[in-house]
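**Student:** Supplied in structure tokens, the structure appears directly below.
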Amino acid sequence: MAEPDDTDAGFLLDLGQHVRTMRGRRGMSRKVLAKVSGISERYIAQLESGKGNVSIMLLRRISGALATPLEDLLPSQETSADWPVIRDLVRRATPVQIAYAKDVLAGLGSPGDGARREATFHGIALIGLRGAGKSTLGKMLADSIGWSFVELNREIERQNGLSVSEIIALYGQEGFRRMEQTALTRLLARGAPVVLATGGGIVSEPITFDQILKSFYTIWLKAEPEEHMARVRGQGDLRPMADDRAAMQELRTILQSREPLYARAAGVLDTAGLSVDAAARRLVAMVAPVLSREAGAFGLREEAP
Ligand SMILES: Nc1ncnc2c1ncn2[C@@H]1O[C@H](COP(=O)(O)OP(=O)(O)OP(=O)(O)O)[C@@H](O)[C@H]1O
Ligand SMILES: O=C(O)C1=C[C@@H](O)[C@@H](O)[C@H](O)C1
Ligand SMILES: [Mg+2]
């Protein structure tokens, strides 16, 4: 059996890695987490490297700043991707829904129509990190197949009369993610299928991401970290240049922590080394079988041109 000290050190290492992963999923740099939580950047660095024996009150502040339940920061044996979705759904369920869910899970009674009904097809959703090409390729795909193109972040801004950065500054991650879910629910209430470009961090919100996966044929636009950085810079966002190495390291952390979530998409398009036109052609070809599969049910064009 391991010595108690080894076990403690192992736990602190796991804890640090967990905090780093959850921070990455939220897309927050150490600097931003330090500012929002009021805990020094140096201390967060120590915690993430397994060196800081963090107090429960500091961990609580980090959980608040990340808008992530405290238990999600603790190392656990839980591996099911469905668990956070089920947990979050249970938290907001009515007593009647809970009673019904308990019956179903215990094998008593039979699921009603709602539980049996297959999710409706709402179109193609694109996920991926900043600079993946969700907006650029999404618009090209929509034009090519004759569907509307929807940018979820623009919907959120329109519905709330504020920019994404203003929303995050005023209401924090939690507020932004709540508005994101409302915008998605409103979009799903519309009839026609769309090409949807999501925000890079949507995968960090279990219920919202589950809704995306159920309602859309979801495609992860993948690229190398250096390409994400070069493309963002190419668009004129020079903020990452302030501290080149640290910015690149943050980007790798975010990509690494989100990869298992992005990988839950039904399709993956690796855009690495491709021109925009070549990537768009591949994307159109990729959705062609999906369109013909859904064509009968939704009166869509049989094939992408
Ligand atoms: N193979 C490629 N696929 C997609 N975009 C590419 C490719 N090569 C270069 N680019 C460029 O990379 C940029 C992609 O930016 P875009 O805004 O579409 O990404 P995004 O995923 O919507 O990012 P964000 O999350 O910031 O909204 C564009 O400027 C595009 O011209
Ligand atoms: O990748 C991210 O974490 C984010 C990307 C943006 O589109 C916004 O969704 C928000 O600023 C978070
Ligand atoms: Mg975009």
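The values are calculated or read from the model by the stated rules, or taken from the named source; none is laboratory data. Please read these numbers as outputs of a predicted model, since none were measured by experiment. Ideal geometry is used to build each Cβ from the backbone, glycine not excepted, and the neighbour counts take in all protein chains shown.
**Student:** Could we say that G109 is more than 17 Å from I207 (Cα to Cα) and either modelled with pLDDT of 90 or more or assigned by TED's automatic domain parsing to the domain that holds A265 (or both) here?
**Tutor:** Values: more than 17 Å from I207 (Cα to Cα): yes; either modelled with pLDDT of 90 or more or assigned by TED's automatic domain parsing to the domain that holds A265 (or both): no.
No: the conditions fail for G109.
**Student:** Also: Could you grab me the full set of residues in segment 139-150 that are in contact with a Lys or Arg (Cβ under 8 Å, 6 or more places away or on another chain) and within 27 Å of R178 (Cβ to Cβ)?
**Tutor:** Step one: of segment 139-150, the residues in contact with a Lys or Arg (Cβ under 8 Å, 6 or more places away or on another chain) are 145-146, 149.
Selection gives F149 alone.
**Student:** Does A265 meet the test of being aliphatic (A, V, I, L, M), crowded, with 19+ Cβ neighbours inside 10 Å and in a loop (DSSP other than H, G, I, E, B)?
**Tutor:** yes
**Student:** Checking the condition within 30 Å of G200 (Cα to Cα), at pLDDT below 90 and not assigned by TED's automatic domain parsing to the domain that holds L129, which residue from V54, V36 passes?
**Tutor:** Just a single option satisfies the conditions, and that option is V54.
**Student:** Separate question: Looking at segment 131-150, which of the residues that are surrounded by 19 or more Cβ atoms within 10 Å (Cβ to Cβ) and under 17 Å from I202 (Cα atoms) is farthest from ligand 1 (Cβ to nearest atom)?
**Tutor:** Taking the candidates together, the pick is V150.
**Student:** Give the residue that is nearest to ligand 2 (Cβ to nearest atom), with candidates limited to residues of segment 14-60 that are surrounded by 15 or more Cβ atoms within 10 Å (Cβ to Cβ), within 23 Å of L251 (Cβ to Cβ) and of a type in the set (G, A, S).
**Tutor:** G27
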